[in-house]
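The values are calculated or read from the model by the stated rules, or taken from the named source; none is laboratory data. This structure is a prediction, so every number in the text was calculated from the model and none was measured. A quick note on method: Cβ atoms are made from the backbone with ideal geometry, for glycine too, and the neighbour counts reach across all protein chains shown.
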Amino acid sequence: MRRPAGVVAAAVVLGLIALMGIFGGLVSMGVSIFMQNNPAIPAVAGMRTVMVLTTGLMLCFFLFCGWTAVDLLRMRRWARYAVLVIGGLEFLFCALLSGMMILIRNTAPAMPQATPTPIGMPAMFIAIGAFYGILSLIGAWWLVYFNLAPVRAAFAGAGQAAMEAGPGASLGVVAQAPDGTPGWRIVIIVWACVMLFSVVGLPMVLAMHLPVFLFGLVLRGAAGTTLMVALYAVMLYMGIGLLKKWRAAWYAALAWQVYTVAVFVSFLLPGVWARFVAYQQELMGHWGFAVTTPDATMAIDARPFMRIGMVIGGIVGAAIVAVFTVALFKRREDYLDAS
């Protein structure tokens, strides 16, 4: 079996990223569990649990990346789909982070530094933005290369006898469009998996008892916890139902798109943005974020960062809602015609 050189190169790069991610995840996990007086972890109830769960998710992701790299070398067809998903996520999030670093560098006010550093904060933001920009280009490379017709044909020929010896077969990934691309079904599968992974955040919410902001209202205590449990329950149902092709899950997913749009539109109402800023400042104080200098300790003014984040989040959110809504209608026969 002849492997294209580009596939080998992509597998090596993905494998190196996976190894670095696994190493960093293990170090972070060890620090979160065993280092009791870590100044990097705010003294907030449930914060250590949040760190452990977040690091665990990161480890699972990089382990999956390593598995994908191995099966790319074995020319498994599911691995091509997986690297397309990984490349798409990497391109999207790394490009956003790169743009955010540059925007922060150009718009955020200067922050006091306790001690002089050889590299100023603006230069650091540019360097971090460049790093994320390189990672986004790697994702773009995978998206383009693994959609080329010769590469698709190579994987199709190699996987003809094996019939998808990977995890994608049981989820219907092998059902592809006539041109050999995964089609809209894989978009729904990725969305469902993201929702299922998001449910892991529920213990964090229950542990920290943080207030919840929704449609200009701040819900605290039992009301906020009940709302979050209900939202996570809906995400769990949609994640399972979209994978299992339940009719009700399709309607629930469509309603979720309407809910998401309503959340973003609500920020255009008078007074909602001001209440959201106050809510975020309250959270910053709760988490204990501050800048300490030899002369004083001052709270970080998060408003410039929030405005940047909301603009970027609104653009990305609109794009995601559009893509998922199109995917739901393109594959509606999977759900509406199901018995």
Taking into account only those residues within the range 218-240 that are surrounded by 14 or more Cβ atoms within 10 Å (Cβ to Cβ) and in contact (Cβ under 8 Å) with a residue 24 or more places away in the chain, which is farthest from VAL52 (Cα to Cα)?
VAL218
Where residues in the range 304-339 are at pLDDT below 65 and more than 23 Å from the chain's Cα centre (by Cα), which of them is nearest to GLY241 (Cα to Cα)?
ALA338
Do any helices (runs of 4 or more DSSP H) lying entirely in the range 194-283 carry at least 3 residues that are in contact with a helix residue (DSSP H, G or I) (Cβ under 9 Å, 6 or more places away or on another chain) and not aliphatic (A, V, I, L, M), and which ones are they?
221-244, 247-266
So which residues in the range 1-46 are surrounded by 14 or more Cβ atoms within 10 Å (Cβ to Cβ), more than 30 Å from ALA153 (Cα to Cα) and at pLDDT 85 or above, if there are any at all?
GLY21, ILE22
If you check ARG220 against the conditions, is it at pLDDT 80 or above and basic (Lys, Arg)?
yes
